[in-house]
Amino acid sequence: MAPARVNAEKDAEDELEMKVEKYSRGKGADLKALRDKKLKGQLAVKEKFYGQSARTAAKAEKWLMPSEEGFLEPEDLEKTYRFPQESIVKEVDLLSSRKPFDMILPVLGPYTIEYTSNGRYMLVGGRKGHLAMMDILNMDLIKEFQAKKTYADLLMPLFLRRYREVRETVCDVAFLHNEQMYAVAQKKYPYIYNQHGAEIHCLKEHGKALKLQFLTKHFLLASINSFGQLHYQDVSTGEMIANYRTGLGRTDVMRVNPYNAVIGLGHAGGKVTMWKPTSVKPLVTMLCHHGPVTAVAFDRGGHLMATAGVDRKIKIWDLRKYEVVKSYAARAQSLDFSQKGLLACSNGSQVEIYRDFGGHDYRLYMKHRMMKGYQVGKVLFRPYEDILGIGHSMGLSSILVPGSGEPNFDTFIDNPMETTKQKREKEIHALLDKLPPDTIMLNPNSIATVRAPKKKEKKTKKEIEEEMEEAIEAAKNTGHKKKTKGRSKPSKRAKKKEEEVFRAKRPFLEQSKEGDGRPNKKQRIGEEVELPKALQRFAKKPQS
């Protein structure tokens, strides 16, 4: 056999072993230490099955996940952040080169954008009332209209009615469970529209909402209004789940943690609070900046949080320890983490992307400057694509960011190519698998665990006395058998009753002593205890 072929087979085997280790369930059981032959045989069979399943999964990975993410790789003294978009577009394939675009819409901006969870559809909202939904995969416009309010004098006859159209301010947009419905935070209230632009609901209980977030697994629409009130509403039943006052004033900085569905709010005092619908008070309150917080973003894994403030600092936090991992001297109006951990920041007309080079060491990876005068409002990574969407004062833009999107998608979770039947089935499964609001917590892994036993609360003095009286009465009422002559005298019976009463009182007396904190015996100072110099002359001298 040729040596080149032997080396190739060896490399393939080594690569397979590395993948097997990735899918294995840790170290196997130590079968040599077992003496029970039956248990030893059962464990040996199970270990064999575990090894076979890990090897099968490693072999299937080659075909089920054929793509790998690619990053910009510099040569010699080159810097990746110096590569312009024009040179990147020239080097990529034809399909990827069509994805970057610029839409100049100067009249109804600035614009905010939102993507569906599978990355196929994009929702666009202009500040002055422009709404549009697009199929980004085929670059088709599904629906475009202007958010308007119609007034009609219902008391007048039909032919004399006058209609007046007023442009409504759009603060934020959010897709619901799929592209069929989306919510828009308008001038007075949030509205829900369908994909054809027809108004379905007006959510008056939310008030003047500034930001919207949708919790996909719980079917909850969360909003924060101009009075600092946080609302949770179940869109499947229409029930208002929670309504809390944050008590920290007006804010328009809100983001949901994809790991545990906890809402993060950034406030004017530099604090970031984390909320869940079943708690009146915030779960966590962190002082992150010395000025108002301008942006908050959470990593896909849920353990990293990025914050930006007016104090010209961008900080990356480890939420497991609530400590700062990295801090940069820069401003940011919007932050977003990609599926592969890249961090995008917008500052004026410039967009910067940071990459983790190991150990939370985020360094500048890419830089993109818009035309002079463009003010970037929102940056958002497109799921399952190496694309960064930018909403700015003069329209929309989309740029290539190699290595930002997940290259392999699971069709059971998010499928950009799903058919109408698959969409319908997915919606039904999502409703059946809807999680209750109680499952939202900081550590969702504790849901399947056993709750730790609570510490016994100390009883009050009054409760101890009442229990002691009941025990004394029970001891007095106990009957005694008559014994032989001389052993059941009245004096002996009385003595036995006294002993039983004392025996019943004893545990309660000990409890009261523990409650008062008084020890049974006086504490003696031993010879080994060293007294202060001022008290040493009063200590007893050891007998010689």
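Here is how the numbers come out for the structure above:
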item: Cα-projected label distance for Ile428 with Lys495, points at 7 Å along beta-carbon direction, nm; result: 8.5 nm
item: Point-to-point label distance, Val324-Ser87, nm (Cα→Cβ direction, 7 Å offset); result: 3.4 nm
item: Spatial separation of Cα centroids for the stretch 6-52 and the stretch 292-343, in angstrom; result: 41 Å
item: Helix axis angle, 490-516 relative to the chain longest principal axis, alpha carbon, degrees; result: 30 degrees
item: Lys/Arg +1, Asp/Glu -1 at C-beta; the chain dipole; positive extreme among Ala494, Gly348, Trp317; result: Ala494
item: Pairs from Lys281/Lys462; Lys271/Lys326; Lys27/Lys48; Lys19/Lys426; Lys276/Lys321; Lys188/Lys426 whose Cα-Cα separation, in the structure shown, is over 22 Å; result: Lys281/Lys462; Lys19/Lys426; Lys188/Lys426
item: 10 Å-binned pair-distance histogram of the chain (Cα, whole percent); result: 3, 13, 19, 19, 13, 10, 8, 7, 5, 2, 1, 0, 0
item: Those aspartates and glutamates that a straight Cα-Cα span of less than 20 Å connects to Lys79, excepting residues fewer than 8 apart in one chain; result: Glu69, Glu91, Glu352, Asp356, Asp361, Asp386
item: Which of Leu94, Leu388, Thr56, positive extreme of dipole for the chain (C-beta unit charges); result: Thr56
item: Dipole magnitude of the chain about its Cα centre (Cβ charges: Lys, Arg +1; Asp, Glu -1), debye to nearest 20; result: 4740 debye
item: Accessible area of the chain belonging to carbon and sulfur atoms, whole % at 1.4 Å probe; result: 52 percent
item: For the chain, with +1 on Lys and Arg beta carbons and -1 on Asp and Glu, the positive-most of Gln333, Gly119, Gly70 along the dipole; result: Gln333
item: Estimated FRET transfer efficiency when R0 is 56 angstrom, pair Asp311-Lys476 (beta carbons, to 0.05); result: 0.15
item: FRET efficiency, Glu239 to His303 (Cβ-Cβ, R0 30 Å, nearest 0.05); result: 0.40
item: Thr420/Ser226 FRET efficiency (R0 41 Å; Cβ-Cβ; nearest 0.05); result: 0.55
item: Residue-normalised accessible area of the chain, given per residue in Å² at a 1.4 Å probe; result: 65 Å²
item: Model label zone, Leu435; criterion: amide N under 18 Å from point 7 Å along Cα-to-beta-carbon; scope the stretch 273-302; result: 274-279, 283-284, 298-302
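The values are calculated or read from the model by the stated rules, or taken from the named source; none is laboratory data. Since this is a predicted model, take the numbers as computed values, not measurements. All Cβ positions, glycine included, derive from the backbone under ideal geometry; neighbour counts span all protein chains shown. Note: areas computed on protein heavy atoms with side chains; ligands, DNA, RNA excluded. Shrake-Rupley method; radii C 1.70, N 1.55, O 1.52, S 1.80 Å.
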